[in-house]
Amino acid sequence: MKHKTFAEYDDGLTRACEGALGMLLRAFGTLAPTLRLVGGLVPRYLTPEAPPDVPKHAGTTDVDIVLAIEVLAEKGKYNKLSEQLKANGFSRVTNLDGKPSSWRWERKVDGQTIVVEFLQHTDDPAKNARAESIVDEGVSAMQILHAGVVHEMYLEREVIVELPDGNGKTKVAIRHADAVAFILLKGLAFDDRKTNKDAADLVHVMRHADSIENLAALYASRLKEGAHHEALEQGLRALECKFCDEQGIEGFEKEGPAQFCAFHEIGEPGSEDRILGQRNVSALVTEFVARVRALAKAAE
């Protein structure tokens, strides 16, 4: 569930998500390094709170994990993953039709029910948002367009996690999307789902992960490398579509800036404060895209 405003998010719930992530890493054992964290928990590690320069991020209500399907599908590699999940306190989420899901799992942490969603890569738009089973694992993963970029575009951060159920504290290595992967995937997610939270997460990372100059230079260098050129290009087009000027409509009037300001409850719709906030967001994204385009062109 994605709340519509910053005020609806809770620090305790975000910490519970981190605890669930710690138990998930335990469940995967030696395969834990193959997991990649994406989604709303990533800014906790990518842009750690450091007032006044880096403000608090809203947090999250769930945990999104991209699986390395080719590793898990190897015969005999980890045949009882579902049993390992259950042994570590996870159970399948029951869908609205009463059927258990195999790509969404849940666990109680400090009285909160935390949902973990397993995702996998696809480069086929027709397969986006379709679940597919993992051979012999009793687990499936939702196919997400270009999610596999995080297997190469990631950072590793060691954090101390308090495990639920009195299991104590442990130090874990979390491999999460880096700034480029996060901007790419959040841009595509917002283009697809159009939620306030996706717009807010995207802008938060663009503002606080690094300078806009450094972020654009890194994004452009990845474009030049070519390994994920189409994914990166689609990410840029999504940003242009939702945040930047085009014929007949100014960028600040578009969904991205409007939904960012709605999430942070900046002024009333149509007020000077709201319009200024929307203009600032559009200007930020427009500068980023323009810098990436210019750097990529210069490298040709």
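None of the figures in this text is laboratory data; all of them are computed from the coordinates on show. Note that the structure is a prediction, hence the values are computed from the model and not measured. Cβ atoms come from the backbone with ideal geometry, glycine included; neighbour counts cover every protein chain shown.
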### Message
Using Cα springs under 10 Å in a Gaussian network model of the chain, which residue among Lys197, Lys80, Lys242 shows the largest mean-square fluctuation?
### Response
Lys80
### Task
Would you work out the relative contact order for region 180-298, in percent, from Cα pairs under 8 angstrom that are 6 or more residues apart?
32 percent
### Summary
At 37 °C and 0.692 mPa s, the Stokes-Einstein diffusion coefficient in µm²/s for region 6-177, with hydrodynamic radius from the Kirkwood sum on alpha carbon pairs, is 198 µm²/s
### Query
Around Val161, with a cut-off of 12 angstrom between Cβ atoms, what is the net charge of the other residues, counting Lys and Arg +1 and Asp and Glu -1?
+3
#### Entry: the chain, helix-only ellipticity at 222 nm - DSSP H runs n ≥ 4, -39,500 (n - 2.57), divided by all residues, nearest 500
-13000 deg cm²/dmol
### Message
I want to verify a result. In a Gaussian network model of the chain, Cα cutoff 10 Å, which of these has the top mean-square fluctuation: Ala87, Ala217, Ala209?
### Response
Ala87
#### Entry: Charge context of Arg104, other residues only, Cβ under 13 angstrom, K/R +1, D/E -1
-1
### Message
What are the equivalent ellipsoid semi-axes of region 145-300, built from the alpha-carbon gyration tensor (square roots of five times its eigenvalues), in whole angstrom, biggest first?
### Response
28, 23, 13
### Query
Between their Cα atoms, which of Lys4/Lys254; Lys197/Lys224; Lys171/Lys197 are more than 23 Å away from each other?
Lys197/Lys224; Lys171/Lys197
#### Entry: Centre separation in Å (Cα based) which lies between region 96-117 and region 24-41
16 Å
### Query
If you keep only loop residues by DSSP, which GluC sites (Glu not before Pro) in region 59-122 have at most 15 other Cβ atoms within 10 Å of their Cβ?
Glu74
### Message
Given Cβ point charges of +1 (Lys, Arg) and -1 (Asp, Glu) and nothing else, what value in debye, to the nearest 20, does the dipole of the chain about its Cα centre take?
### Response
740 debye
### Query
Taking the chain as a Gaussian network, where each spring joins two C-alpha atoms under 10 Å apart, which residue of Ile249, Ile144, Ile266 fluctuates the most?
Ile249
